[in-house]
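So the structure is just underneath, and the comments pick up after that.
The values are calculated or read from the model by the stated rules, or taken from the named source; none is laboratory data. These figures come from a predicted structure and were not determined experimentally. Please note: Cβ atoms are built from the backbone with ideal geometry, for glycine as well, and neighbour counts cover all protein chains shown. Surface accessibility is based on the protein's heavy atoms, side chains included, excluding ligands, DNA and RNA. Shrake-Rupley method; radii C 1.70, N 1.55, O 1.52, S 1.80 Å.
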Amino acid sequence: MQTLSAFYESIFGCKTYKISLDAGCTCPNRDGTKGRGGCIFCSQNGSGDFASSRNLTISEQIEQGKILVESKIRGRSGERHGKYIAYFQNFTSTYGEPYRLLSKYREALLCKEIAGLALATRPDCLGKEILQGLADISKTHFVQIELGLQTSNEQTGRLINRCYTNQDYLDTVARIKKVAPDIHIVTHLIFGLPGETEQDMLNSVKFVVDNNVSLSDRPCVSLSGLTGQSFFGLKITSLYVLQNTRLAAMYESGKYEPLSKDLYFNLLKKVLPLLPQNCVVHRLTGDPPKSQLLAPSWTTDKKRILNELQSIITP
């Protein structure tokens, strides 16, 4: 297991920060292609509540994003000592007309200090044309694709209105590995989904590990000439309830109760021993917008949560 900061530093040689961007996409389970309303937990901003307005150009969004993290990347001397990754986060960032989206990705890479791309998407929204375009970009730039699996329990997947299957996920991982072996694949899981047991959540982790660990037979993603064991990424968050979502209606009617902090941390303690050396832990906590959060309240104290998580990762 490796931390994200160490992984990025091994690639870029410095501290690296994400800038959240909006490519102007929607999702197939919102626009009627597969469903309506999106996943039951997703906000009106498509889980990209910290991105700039989609009415701005990508370059303008990046400049606004830099301001948000400016204090983090300046040392005491006031000089910059970090780089950025353009993180297309809102909704499904590969869902749309391929030429238009690839143009936006390339626009981001032309911006000063942008070191690579990260794309949040669904396993069923990586068509042949857009994947080939990303494969071409990955030959010269770091590219990270984040697949929102959420759970390996198909029944839960239907309950949360995911509108894709585990097989969609497996097929997409296989296609990425075949077409673009330099792309860093990250899988997002959510703990505390309605009706899930502890074993369901651990099974989801095992599912991801079992179907990604074979990546170790190819070189490590790196722009600095490093070679070695390849890495796959895992992001785990605890489900939180935002206003004006279907999950909020379940919570307010007493049909859903989020995980307590103690239970979530106890789950993470059982997860970490399951992770192999070539697994990069991208996140173990969510970052909900406080103005929209209904529960659980413990997720708002980010600094304290991160400190407590550090004690788990490095006891």
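Points to keep in mind about this one:
- The residue of segment 45-65 that is modelled with the lowest pLDDT, among those that are open to solvent by 90 Å² or more (accessible area, probe 1.4 Å), farther than 21 Å from Gln243 by Cα and part of a loop (DSSP other than H, G, I, E, B), is Arg54.
- Of residues in segment 14-39 being part of a loop (DSSP other than H, G, I, E, B) and in contact with a strand residue (DSSP E or B) (Cβ under 9 Å, 6 or more places away or on another chain), the one modelled with the lowest pLDDT: Cys14
- Hits in segment 164-181 - residues which are out of contact with any helix residue (DSSP H, G or I) (no Cβ under 8 Å at 6 or more places or on another chain) and not in a helix (DSSP H, G or I): Pro181
- Pick from segment 71-102, criterion closer than 27 Å to Arg122 by Cα, open to solvent by 10 Å² or more (accessible area, probe 1.4 Å) and part of a strand (DSSP E or B), ranking: modelled with the lowest pLDDT: Lys83
- Single match in Leu126, Leu68, Leu131, Leu119 (criterion: part of a helix (DSSP H, G or I) and either open to solvent by less than 40 Å² (accessible area, probe 1.4 Å) or of a type in the set (Ser, Thr, Tyr) (or both)): Leu131
- Odd one out for Leu159 among (1) among the aliphatic types (A, V, I, L, M); (2) open to solvent by less than 50 Å² (accessible area, probe 1.4 Å); (3) closer than 26 Å to Ala249 by Cβ: (2)
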